[in-house]
Protein chains: 2
Amino acid sequence: MTMRAWLDFLLYDWLKAEQLCSRPRFEDHGRETFSQVLDTCERIAREKYAPFNRLVDTQEPHFDGERVTLPQATHEAWAAYAGSGMLAAAQDYELGGMQLPYTVEAAANAFFAKASVSINAGLLTVGNANLLMAHGTPLQQQVFAHREFKGEWAGTMCLSEPQAGSGLADVATRAVPDGEGSADDPLGPRYRLFGNKMWISAGEHELTENIVHLVLAKIPGPDGKLVPGTRGISLFICPKHLVRPDGQLSGERNDVALAGLNHKCGWRGTTNTLLNFGEGRWQPQGAPGAVAYLVGQPGQGLACMFHMMNEARIAIGMAATMLGMAGYEASLAYAKDRKQGRALSQKDPSSPPVALIEHADVKRMLLAQKAYSEGALALMLYCARLVDEQHTGTPEAAAEAALLLEVLTPIAKSWPSEWCLEANSLAIQVHGGYGYTRDFPVEQYWRDNRLNMIHEGTHGIQALDLLGRKVVMQGGAGLKLLATRINQTIEAALQQPALALYANSLAQAVQRLGAATKAAWATGQPEDALANTTPYLQAAGHVVLAWMWLDVACSAGQAPADRQAGILAATRYFHLYELPKVGPWLEVVASREAVCRDMQPEWF
Amino acid sequence: MTMRAWLDFLLYDWLKAEQLCSRPRFEDHGRETFSQVLDTCERIAREKYAPFNRLVDTQEPHFDGERVTLPQATHEAWAAYAGSGMLAAAQDYELGGMQLPYTVEAAANAFFAKASVSINAGLLTVGNANLLMAHGTPLQQQVFAHREFKGEWAGTMCLSEPQAGSGLADVATRAVPDGEGSADDPLGPRYRLFGNKMWISAGEHELTENIVHLVLAKIPGPDGKLVPGTRGISLFICPKHLVRPDGQLSGERNDVALAGLNHKCGWRGTTNTLLNFGEGRWQPQGAPGAVAYLVGQPGQGLACMFHMMNEARIAIGMAATMLGMAGYEASLAYAKDRKQGRALSQKDPSSPPVALIEHADVKRMLLAQKAYSEGALALMLYCARLVDEQHTGTPEAAAEAALLLEVLTPIAKSWPSEWCLEANSLAIQVHGGYGYTRDFPVEQYWRDNRLNMIHEGTHGIQALDLLGRKVVMQGGAGLKLLATRINQTIEAALQQPALALYANSLAQAVQRLGAATKAAWATGQPEDALANTTPYLQAAGHVVLAWMWLDVACSAGQAPADRQAGILAATRYFHLYELPKVGPWLEVVASREAVCRDMQPEWF
């Protein structure tokens, strides 16, 4: 089955995406317009992205001290993407948008991630603009966000600093008011930034005429000191080139200097940068510091940024998923084509060799990839559907969707990053030695995918977020809601004899997850509860994926026979080979096992 | 604890390596001579290998159509290694050897694998020469093996072919008698080879004046056809440059042509080649075909080659282990040095950040790496000790050691390849974004290590070997012996209250392994039994590693407090976080679950 067929099945047979068109915002849409968008994106991805995926890996971005050079193909891919209107797909008509449901937008963008994950740089620009639509002033939206939706300018998110990494409490970039009258700048209260930001994706390039940096920084108090902790963080727009209130470039360079490109082992089509703000290379408007405009209220920077971070996290999950899917497709094609070895039942050594796909262990590696990547795609679209519900559902449904998204976001980010990476490793393994060479695409997928467990919040950060915050907030309402939704699926599955076995195994797993959550927090001490966050994250992820497969299987009744058989096999695989891993993971969580946290440095 | 300290502990406190010196072959040795060897190798590895590990990754071998160029550092590393005498370390004094126990040889060689796995190319040369010492004629040994032990010539093993990969039954390289008198050549029955060999490590270079290829090929029958299956395979010596019976080069090039270098995603310091035998580029002695000499009997090629393959498999396990160890050391150092975030108990945001190693989840990642890589090293040395027993023990002990080695070899090859790769991924994760950049060494370890699940027999091949052959041969005697040895450890552990818990969990796991083996084979049908070979391999590997840790823990009583605490923590980690995975793996084996083998290509 092609990825498109799987997308169509998930969108229409499973998620009933067409039903969204009964809502006013989407009333002009229908399966036909959705298909047009999917067709267009599939075509652009095939023509402008996929053929250049290896090229952008070998021709890394180059910085000569003055400017960054990217391959011509990257420029053309960006032009085609911006030209497709996808940057504004979800926006209002009046902004040049399509008012497309996010579910369909996410599905359409998946093609780009699969064709070339690191050329695919649109996600941060859209996320940046969406943040401004939520937290910016009308003029900030008009000047910055609208140009980003048109693809004229690009966007970044600047959180990490070299000395602090994931530790945002230690952000040391300073934002000082830019002298007299700065509070009344039409573009927002004007500040000067001084500091360094690390790991900034697409932080410097010439794909667009300007780059809109969204920067976390701290405004010094009256004593000149920065407020410790995350409470002191504010959010700023800091454009690469200065901008007039009418949105035109003033012609002056802002003091945002590229200090260096990070040379990574994958994801090489996108620049990844260390940026210096206010180092003194330029003196915009004759004064030191990078000119920047406050977004929202002082001290609310992290809360605002979470708008973008949550989007970015789901986008990373989708990127990881699509890398998994790309490796699955490549290794499936190879296994069908390559003849090697004989069936166990074949005793005659002079018989011709069979295709790799005839061997049980190769089938296992393909089925695992199918279960990981197709299952992850289901999760990503399920989350996308929740975003639509949050934006266009009834107030009650919207609140529920928002709550469920809170719980699912760390899983949607981390699970595909871990298991679709494993899928890529299996794709290499199916190819044997060839898979390890650069003559085949799978080793690059594997290298590209390794980044996804790190950027936009490491696995460890997601795990802390889930067990430390998401499942306990509002008295555990999020986890309760998740359990309710899973139980609805279990009820439905119990009606189908072929699925009852899995309904029971899932019911048991959900019960264990709840019990382990309670046991972890039984002492009320974070040190106890959070002694085993990653095993908890892994367990919760596997429960959610087992739920996804069972829910998808419940909708497979009307599908063609081969598809139905494939869904049932993947569901069976996931429930028999994967779901039982939850037991060992939750065991250490529930017992608050302390061997890791008690380790002393000198014992290593 | 440094790796050297861990090696010393394993060698002396655990394996009692000094006791070997009571055997006549090793009577000149003692802890002092062992230490000298370890010191020398540690120093050469530090000076000649480690500093160039990144260099050989970026300056890949280059082939200009005429000759292969390797970095100067590789030439110097080879010279230092050959000069150390390590190629002949285990050989008789009369061959210039040291009569060193293999256990100590393996321990000493570990330093090279850790410093730069792909510069470290000695292993195939020694394995090649060892095969000839077992199966070659006295003159073949003198001409070829002795020069390899001196490092004058290097060796390869040529098994795979482009069209057949792991499917050795389909070897299509032809060996035809080289005309009149060829049967009486002093170097062995002389043939001409015609065919192609793929994935040949160190297949072409100028580190040595000659290269000794050991080649699997088929001698056509009277009808001119090749015998189907592996029964038809014979083994040949095929030197790059022709050799006179006195061992001098004749000055003529043999027709072994480099068709191309494979460009891999790691392990780049060693050439990996496609070789054409008898393509007609050269006409040695005026006739077509590559000149080659039969080793052993016709049709016995695979049996002979297994001598080398088993050595190579254990060497790959050691290479994987050392990559795991290298990543562990690098990430441990980073985690101690890097300050980031605060302890959960620290409520004051103005307190200084703590070292990464203070966070429970970072400790988990370090402890997992410790358990994987230090545990794998224990297994590798345990296997090496079995080799010594096989060669110098009483006949009964030697036979037992040989049997146990048969069972452990697929595990010793596969387990470190899988779990020390996982360790390398954790080493990246500890570094955060830095780990993913080429400014830190860990991403290269991860790329280098990915090859180990493929070469010298893929994971799938090892899994078939274990469940299809090793645990059922001789009526299951190998598995029974393994269980007996494990039970001895369990008995010893039950005497120590701190270890009783683990003794019980291990006892249960061994019992399950035996039961699952029986259940898998209950129908007597290979298709049923071998429907889930990889989960079986994984389960057996985890049982063996849990046994290793428990056995090591039994010997820890006299160790310094920190070391003892470290061993107990790793044992606890392995038994609580890892061993329980055995349950799910064996479940599908025991039930002969058929979802993978029943998959149809059109269901994917």
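The values are calculated or read from the model by the stated rules, or taken from the named source; none is laboratory data. A quick note: this is a predicted structure, and the numbers were derived from the prediction, not measured. For neighbour counting, all protein chains shown are included, and Cβ atoms are generated from backbone atoms with ideal geometry for every residue, glycine included. These accessible areas exclude ligands, DNA and RNA; they are computed on the full protein's heavy atoms, side chains included. Shrake-Rupley method; radii C 1.70, N 1.55, O 1.52, S 1.80 Å.
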Residue that is farthest from the chain's Cα centre (by Cα), among those in region A:188-202 that are open to solvent by 30 Å² or more (accessible area, probe 1.4 Å) and under 11 Å from A:L275 (Cβ atoms) | A:N196
Give region B:368-390 a look and list any residue that's within 14 Å of chain A (Cβ to nearest Cβ) and surrounded by fewer than 24 Cβ atoms within 10 Å (Cβ to Cβ), or say none.
-> B:A368
A careful count of residues in region B:461-510 that are open to solvent by 70 Å² or more (accessible area, probe 1.4 Å), within 13 Å of chain A (Cβ to nearest Cβ) and farther than 22 Å from B:W549 by Cβ gives 2
Answer from B:L100, B:L132, B:L124, B:L87 - the residue that is open to solvent by less than 10 Å² (accessible area, probe 1.4 Å) and in contact with a Gly (Cβ under 8 Å, 6 or more places away or on another chain) | B:L87
Of the conditions (1) in a loop (DSSP other than H, G, I, E, B); (2) open to solvent by 50 Å² or more (accessible area, probe 1.4 Å); (3) not β-branched (V, I, T), B:G251 clears all except one; give me its number.
-> (1)
Just give me the residues in region A:345-357 being open to solvent by less than 70 Å² (accessible area, probe 1.4 Å), touching a helix residue (DSSP H, G or I) at 6+ places or on another chain (Cβ under 9 Å), assigned to a loop (DSSP other than H, G, I, E, B) and closer than 21 Å to B:P601 by Cα, in sequence order.
-> A:P353
Enumeration of residues in region B:305-322 that are open to solvent by 10 Å² or more (accessible area, probe 1.4 Å) and either on the phi > 0 side of the Ramachandran plot or in contact (Cβ under 8 Å) with a residue 24 or more places away in the chain (or both) | B:H307, B:M309, B:N310, B:E311, B:R313, B:I314, B:A315, B:M318
Tally, over region A:579-604, of residues that are more than 8 Å from every other protein chain (Cβ to nearest Cβ) and within 28 Å of A:A498 (Cβ to Cβ) = 4
So B:A561, is it assigned by TED's automatic domain parsing to the domain that holds B:A507, of a type in the set (A, V, I, L, M), open to solvent by 40 Å² or more (accessible area, probe 1.4 Å) and farther than 18 Å from B:Q508 by Cβ | yes
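Residue-by-condition table, conditions (1) crowded, with 18+ Cβ neighbours inside 10 Å; (2) acidic (D, E):
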{"residue": "B:E47", "(1), (2)": "no, yes"}
{"residue": "B:N53", "(1), (2)": "yes, no"}
{"residue": "B:Q59", "(1), (2)": "no, no"}
{"residue": "B:Q72", "(1), (2)": "no, no"}
{"residue": "B:G83", "(1), (2)": "no, no"}
{"residue": "B:D92", "(1), (2)": "no, yes"}
Here are some residues: A:A110, A:A145, A:A154. Which one is among the aliphatic types (A, V, I, L, M), surrounded by 24 or more Cβ atoms within 10 Å (Cβ to Cβ) and outside any helix (DSSP H, G or I)?
-> A:A154
Those residues of region B:335-347 which are at the interface with another protein chain (Cβ under 8 Å from one of its Cβ atoms) and under 22 Å from A:L467 (Cα atoms), in sequence order = B:Q340, B:G341, B:R342, B:L344, B:S345
Across region B:433-456, which residue is nearest to B:L159 (Cα to Cα) among those that are surrounded by fewer than 23 Cβ atoms within 10 Å (Cβ to Cβ) and of a type outside the set (D, E, K, R)?
-> B:H455
Before we move on, is B:D39 of a type in the set (D, E, K, R) and either open to solvent by 60 Å² or more (accessible area, probe 1.4 Å) or over 30 Å from B:L258 (Cα atoms) (or both)?
-> yes
Any idea which of (1) outside the structural domain of A:A371 (by TED's automatic domain parsing); (2) open to solvent by 20 Å² or more (accessible area, probe 1.4 Å); (3) touching a residue at least 60 places away in the same chain (Cβ under 8 Å) is the one A:W282 doesn't satisfy?
-> (3)
Got a sec? Which of A:D246, A:D223, A:D170, A:D184 is within 14 Å of chain B (Cβ to nearest Cβ), over 24 Å from A:A303 (Cβ atoms) and open to solvent by 20 Å² or more (accessible area, probe 1.4 Å)?
-> A:D223
So which residues in region B:531-578 are of a type in the set (V, I, T) and within 15 Å of B:Y502 (Cα to Cα), if there are any at all?
-> B:V543, B:V544, B:V552, B:I567, B:T571
Mind checking which residues of region B:23-35 are open to solvent by less than 100 Å² (accessible area, probe 1.4 Å) and either touching a His at 6+ places or on another chain (Cβ under 7 Å) or assigned to a helix (DSSP H, G or I) (or both)?
-> B:R25, B:F26, B:T33, B:F34, B:S35
Positions within region A:105-120 being within 12 Å of the chain's Cα centre (by Cα) and closer than 20 Å to A:C265 by Cβ, in sequence order | A:A113, A:V117
Output the qualifying pairs, or none if there are none: Cβ atoms under 7 angstrom, residues six or more apart or on different chains, first residue in region A:493-522 and without any contact (Cβ under 8 Å) to a residue 24 or more places away in the chain, second residue open to solvent by less than 60 Å² (accessible area, probe 1.4 Å).
-> A:L494/A:A500; A:L494/A:A503; A:A500/A:A493; A:A507/A:I490
Checking B:R268 against (1) more than 30 Å from B:P441 (Cα to Cα); (2) open to solvent by less than 50 Å² (accessible area, probe 1.4 Å), which single condition isn't satisfied?
-> (1)
Evaluate the following for A:E374: is it of a type in the set (D, E), within 30 Å of A:T230 (Cα to Cα) and either outside any helix (DSSP H, G or I) or outside the structural domain of A:L87 (by TED's automatic domain parsing) (or both)?
-> no
Which helices (runs of 4 or more DSSP H) sit wholly inside region B:424-536 and have at least 2 residues that are of a type in the set (F, W, Y)?
-> B:442-450
Every listed condition ((1) out of contact with any Lys or Arg (no Cβ under 6 Å at 6 or more places or on another chain); (2) more than 30 Å from A:E60 (Cβ to Cβ); (3) more than 8 Å from chain A (Cβ to nearest Cβ); (4) open to solvent by less than 20 Å² (accessible area, probe 1.4 Å)) holds for B:V430 save (2)
Only one of B:E105, B:E66 is open to solvent by less than 50 Å² (accessible area, probe 1.4 Å) and of a type in the set (D, E), namely B:E105
